[in-house]
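> Take a look at this one; I'll ask things after.
The values are calculated or read from the model by the stated rules, or taken from the named source; none is laboratory data. What you see is a predicted model; the values in this text were computed from it and never measured. FYI the Cβ positions are ideal-geometry reconstructions off the backbone, even for glycines, and counts take in every protein chain you see. The accessibility values were calculated without ligands, DNA or RNA, using every heavy atom of the protein model including side chains. Shrake-Rupley method; radii C 1.70, N 1.55, O 1.52, S 1.80 Å.
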Amino acid sequence: MILRMSKMYAPTLKEDPSDAELASHRLLLRAGMMRKNGAGLYTFLPLGMRVLNKVEAIVNGEMDAIGAQQILMPFVQPADLWRESGRWDDYGPELARLNDRHGVEYCLGPTHEELITSLVRNELRSYKELPVSLYQTQVKFRDEIRPRFGLMRGREFLMKDAYSFHATQESLQETYDDMSGAYARICDRLGLVWRPVEADSGQIGGKVTTEFMALAEYGEAEIVYCECGYAADSEAGECKCTATMYEREAMEKISTPGIHTIEELAGFLNIPESSCMKALSGKDPEGNITVFFVPGDHELNDIKANRVVDGFELLTDEEMIEAGLSKGSMGPVGLPEGVRVIADWNLQGISQWVVGANEDGYHYAGARLGEDFKVDGWADLCQVKPGDACPTCGKTLLGARGIEVSQVFQLGTKYSESMNATFMDEDGTEKPFIMGCYGVGVSRSMAAIVEQRHDDAGIMWPAPVAPAHVCVVPLAHGDELVEPAARKIAEELEALGLEVAIDDRNERAGVKFADADLIGWPLQIVVGKRGLAQGKVELKLRRTGEKRDFDLEGLADTLSSAAKNAIAGAIDPFDALFED
Ligand code: ATP
Ligand code: MG
């Protein structure tokens with residue numbers, strides 16, 4: 001079917017929408033691919049829907065290819081299942097909760113571990129039936145604190161989520177590797193420039209996990225990576241950094257009037273920030289207080305703090321006063337009774353510290369570890385950043401930004417144990433399933449593609465997800481030669497198996513050119529009176545902007561091998577037409 005632009009609901013916008021900061025957000029709106037309906041809520045219009053469907057088909061195809069089976073679970077999930085896993089309380093305000101007319105509680109599915117575990121616990125009984133991988137592609141809802149950047153961080157968004165069930169860790173590892181391979185192929189087939197990174201498992205649980213990051217200047221995620229191949233999400237990566245020592249004969253109490261920040265302190269003493277120790281106080285849900293110390297040039301990483309103190313929350317100013325802590329000059333020397341001191345492992349080799357004196361307007365220099373103060377425990381606490389040392393090879397880490405398009409997790413028995421989902425193993429005993437889960441952001445991937453492939457004029461879709469491969473652009477509306485010639489070209493190209501659009505609107509040439517660039521068809525074929533008179537049409541390659549005249553006669557033959565490549569899934573199948 002040829003897409004006739006005169007009939008399509010594809011309203012393009014000349015102006016940039018005022019609240020759209022990112023290119024993907026701006027261009028998907030301007031190109032008439034989607035419209036906003038509320039914070040983090042979008043309608044996909046026909047052209048955007050075509051793209052979304054293609055992304056989904058690629059994702060589903062790769063799932064089918066590794067033997068995962070498609071299902072569809074309800075979007076609305078019973079609260080009781082979430083109580084069983086413990087996540088009804090743990091998930092927090094991102095989980096949208098509702099009651100039905102009988103007062104029974106439900107939530108809008110942000111992910112489906114609970115639901116699928118409850119499904120299989122009644123169905124899969126024996127090790128002989130394992131492993132099993134099931135997937136769905138479905139709308140999710142997360143009441144994100146800051147929905148923004150269009151499809152990048154929506155509240156309602158499309159995700160492909162898969163879950164696998166195993167009798168052994170080896171079997172989980174095999175499926176995890178298969179899924180990782182499929183996710184890599186998905187990124188490749190979507191034309192993304194990407195890299196896998198070590199990650200944190202967040203709300204989902206489990207320890208072994210990898211994120212697939214589309215590299216993008218304005219991606220929300222920070223990545224550190226090394227020449228040796230190591231790469232990590234900076235919220236998860238191990239931090240090896242070099243704290244420095246400011247040596248003193250003995251501990252000195254220094255008057256530091258008005259000095260509260262590390263920057264001020266380092267400036268006042270004329271020493272590097274990495275020689276000052278940053279202190280952060282917080283409590284666990286029982287109210288036990290911990291003070292964390294990290295090198296002054298680094299930040300405490302929340303996730304890591306929570307690993308040491310489950311439920312860690314920073315103290316408010318009032319709570320600090322109540323606990324006898326001095327904001328702006330906290331230190332490990334002479335802390336109130338019962339306060340635990342945990343320090344970053346990079347400080348272990350620093351025998352003299354520059355720290356607050358627990359008295360406003362005073363600091364200590366040369367405070368001796370083990371003599372003047374004690375540390376109750378050491379841990380990896382800092383947010384890693386470029387310039388730190390690679391935890392694998394020790395070289396200097398580099399930085400990049402990325403968009404997390406997908407993530408794979410080894411869950412282990414977190415859900416099967418809490419939800420009592422067991423099978424009969426070979427030895428005749430009941431065991432909890434060993435599980436994995438795997439998610440692709442289908443709608444977010446669409447935005448990631450646009451982030452990587454656009455210019456000022458619009459989108460440059462990779463052919464496998466473009467709303468159509470080619471747009472034929474007749475320039476003289478109603479012209480008795482141009483219109484039939486354009487229609488004939490469209491039909492011939494369609495017969496080659498290409499997906500074809502024709503801009504048969506009664507619009508000026510300039511409007512058609514601008515819209516074709518904005519929408520981002522990979523190839524444009526411009527049919528005009530003057531060219532036709534010489535038996536020529538003009539082909540324009542969207543990605544490079546290159547234009548060339550081709551003979552109308554035999555055009556289908558000229559395009560036939562590019563068409564074959566397009567059908568086979570080549571990212572830029574028309575480039576070859578413009579070579580040499
Ligand atoms: P993020 O860290 O970006 O909030 P997440 O790690 O919480 O994402 P997962 O639970 O791993 O997300 O979900 C699987 C995939 O779903 C993500 O890799 C991402 O592509 C997509 N996704 C998650 N949250 C959103 C959202 N708010 N809008 C669009 N896509 C999302
Ligand atoms: Mg994730």
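> Using 5 Å bins from zero, what percent of all Cα-Cα pairs in region 265-315 falls into each bin?
Distribution as computed: 5, 21, 26, 18, 12, 10, 6, 2, 0 percent.
> A further question follows. Starting from the Cα coordinates of region 44-174, work out the convex hull volume and express it per residue in Å³.
Numbers: hull volume 19.1 nm³, N = 131.
Looking at region 44-174, the number lands at 146 Å³ per residue.
> Where the centroid of each part is defined by its Cα atoms, how far is region 517-557 from region 248-300 in Å?
That distance is 65 Å.
> Let me ask something else about it. Need the full-extension length gain, Asn122 to Arg508, defined as separation in residues times 0.36 nm minus the C-alpha distance. One decimal, nm.
My answer for the length gained is 132.6 nm.
> Then there's this: On a 1.4 Å probe surface of the protein chains, which of Glu235, Glu123 comes out largest in accessible area, and what is the full order?
Glu123, Glu235
> Further, regarding this structure: Which of rounded, prolate or oblate describes region 335-485 when judged by the alpha-carbon gyration tensor and an a/c cut-off of 1.5? Mind dumping the intermediate values first?
Numbers: a/c = 3.97, a/b = 1.70, b/c = 2.34.
Here region 335-485 falls in the oblate category.
> If I take R0 = 22 Å and measure r between the Cβ atoms of Lys36 and Ile145 in this structure, what FRET efficiency does the formula 1/(1 + (r/R0)^6) give, to the nearest 0.05?
0.75
> Run through the DSSP bridge list for region 335-454 and note the antiparallel percent, rounded to the nearest 5.
Counting only bridges with both partners in region 335-454, antiparallel ones make up about 80 percent.
> Cα centroids of region 123-167 and region 386-439: how far apart, whole angstrom?
Rounded to whole Å, the Cα centres lie 15 Å apart.
> Further, regarding this structure: Compute, for Tyr230, the solvent-accessible surface of its heavy atoms (probe 1.4 Å) with the complete set of protein chains present, and express it in square angstrom to the nearest 10.
About 20 Å², ignoring ligands and nucleic acids.
> What is the ratio of the Cα radius of gyration of region 459-578 to 2.2 N^0.38 Å, with N the residue count, to two decimals?
Here the answer is 0.96, to two decimals.
> Would you kindly derive the ³J(HN,Hα) couplings of region 321-332 from the backbone phi angles with the Karplus curve 6.51 cos²θ - 1.76 cosθ + 1.60 (θ = phi - 60°), listing them in order in whole Hz, with x for Gly and Pro?
Values, residue by residue: 4, 4, 7, x, 9, 9, 5, x, 8, 7, x, x Hz.
> To the nearest Å, what is the center-to-center distance of region 1-62 and region 186-203, using C-alpha atoms only?
Result: 23 Å between the Cα centres.
> On to the next question. What figure, in Å² to the nearest 10, do you get for the accessible area of Arg153 with a 1.4 Å probe and non-protein molecules left out?
My reading of the accessible area for Arg153 is about 60 Å².
> Is there a quick way to get the dipole size of region 318-475? I mean about its Cα centre, with the Cβ of Lys and Arg at +1 and of Asp and Glu at -1; what is the value in debye to the nearest 20?
Approximately 660 debye in magnitude.
> Can you tell me the 0 to 90 degree angle between the C-alpha axis of helix 555-567 and the longest principal axis of the chain, rounded to 10?
On a 0 to 90 degree scale, this one is about 30.
> Any idea of the accessible area per residue across the chain, 1.4 Å probe, to the nearest Å²?
44
> For the chain, can you list the cysteines whose C-beta has no other cysteine C-beta under 4.7 Å from it?
For the chain, the answer is Cys107, Cys187, Cys241, Cys276, Cys437, Cys471, because their Cβ atoms have no other cysteine Cβ under 4.7 Å.
> May I ask which residue of Leu158, Ser126, Phe292 lies farthest towards the positive end of the charge dipole of the chain, with charges of +1 (Lys, Arg) and -1 (Asp, Glu) on Cβ and the Cα centre as origin?
Of the options given, the answer is Leu158.
> Separate question: How large is ³J(HN,Hα) for each residue in region 504-519, as worked out from phi by the Karplus curve 6.51 cos²θ - 1.76 cosθ + 1.60 (θ = phi - 60°), to whole Hz, x for Gly and Pro?
Calculated HN-Hα couplings, in order: 8, 6, 7, 10, 5, 3, x, 5, 5, 4, 5, 5, 5, 5, 5, 5 Hz.
> In the neighborhood of Glu491, defined by Cβ-to-Cβ distances under 14 Å, what is the net charge if each Lys or Arg adds +1 and each Asp or Glu adds -1?
Working: positive: Arg4, Arg487, Lys488; negative: Glu483, Glu492, Glu494, Glu499, Asp504.
Result for the local shell: -2.
> Grab the Cα-Cα distance for Arg548 and Ile321, subtract it from 0.36 nm times how many residues apart they are, and report the gain in nm with one decimal.
Stretched fully, the Arg548-Ile321 segment lengthens by 74.3 nm.
> With n ≥ 4 as the cut-off for DSSP H runs, can you work out [θ] at 222 nm for the chain, using -39500 (n - 2.57) per run divided by the number of residues, rounded to the nearest 500?
-7500 deg cm²/dmol
> On a 30 Å Cα-Cα criterion, which of the cross-link pairs Lys140/Lys512; Lys14/Lys385; Lys540/Lys564; Lys327/Lys374 come out too long?
Values: Lys140/Lys512 36 Å; Lys14/Lys385 40 Å; Lys540/Lys564 19 Å; Lys327/Lys374 20 Å.
Among Lys140/Lys512; Lys14/Lys385; Lys540/Lys564; Lys327/Lys374, the Cα-Cα distance tops 30 Å for Lys140/Lys512; Lys14/Lys385.
> Calculate how many DSSP beta bridges within region 459-578 are antiparallel, expressed in % of all such bridges and rounded to the nearest 5.
55
> Quick one: work out the % antiparallel among DSSP beta bridges in the chain, nearest 5.
Numbers: 89 of 112 bridges.
Roughly 80 percent of the DSSP beta bridges within the chain come out antiparallel.
> From a point 7 Å beyond the Cα of Glu371 in the direction of its Cβ, which residues of region 318-354 have a backbone N at a distance under 19 Å?
Only 332-335, 348-354 fall inside the zone, counting backbone N under 19 Å.
> Ignoring ligands, DNA and RNA, please state the percent of accessible area on the chain from carbon and sulfur, probe 1.4 Å.
So the carbon and sulfur contribution to the accessible surface is 47 percent.
> In what sequence, largest accessible area first, do Ile2, Ile116 appear using a 1.4 Å probe?
Ile2, Ile116
> Tell me, what ³J(HN,Hα) does each residue in region 305-313 have, in order and in whole Hz, if you take phi through Karplus 6.51 cos²θ - 1.76 cosθ + 1.60 with θ = phi - 60° and put x for Gly and Pro?
Computed from phi, the couplings for region 305-313 are 4, 5, 5, 7, 10, 4, x, 4, 9 Hz.
> Run the simple label-point estimate for Thr429 and Gln169 please: 7 Å along Cα→C-beta, distance reported in nm.
Between Thr429 and Gln169, the label points sit 1.5 nm apart.
> Can you tell me how much longer the chain between Lys207 and Asp360 gets when fully stretched, taken as 0.36 nm per residue apart minus their C-alpha distance, in nm with one decimal?
50.9 nm
> Could you please report the charge total around Ile259, scoring K, R as +1 and D, E as -1 over all other residues with beta-carbon less than 14 angstrom from its beta-carbon?
Net charge in that neighbourhood comes out at -2.
> Which of Lys240/Lys304; Lys7/Lys547; Lys278/Lys414; Lys160/Lys207; Lys54/Lys160 have a Cα-Cα distance over 24 Å?
Lys7/Lys547; Lys278/Lys414
> Place the peptides 133-139, 350-356, 520-526 in order of packing, highest mean first, counting for every residue the other Cβ atoms within 10 Å and averaging per peptide.
Highest-to-lowest ranking by the protection proxy: 520-526, 350-356, 133-139.
> Put a dot 7 Å past each Cα toward the Cβ at Val76 and Asp456; how far apart are the dots in nm?
According to this spin-label approximation, the distance is 5.0 nm.
> What is the Cα convex hull volume of region 252-379 when expressed per residue in Å³?
Hull volume normalised by residue count: 95 Å³.
> What number, in nm² with one decimal, is the all-direction average of the projected area of the convex hull of the alpha-carbon atoms of the chain?
Averaged projected area of the chain's Cα convex hull equals 34.0 nm².
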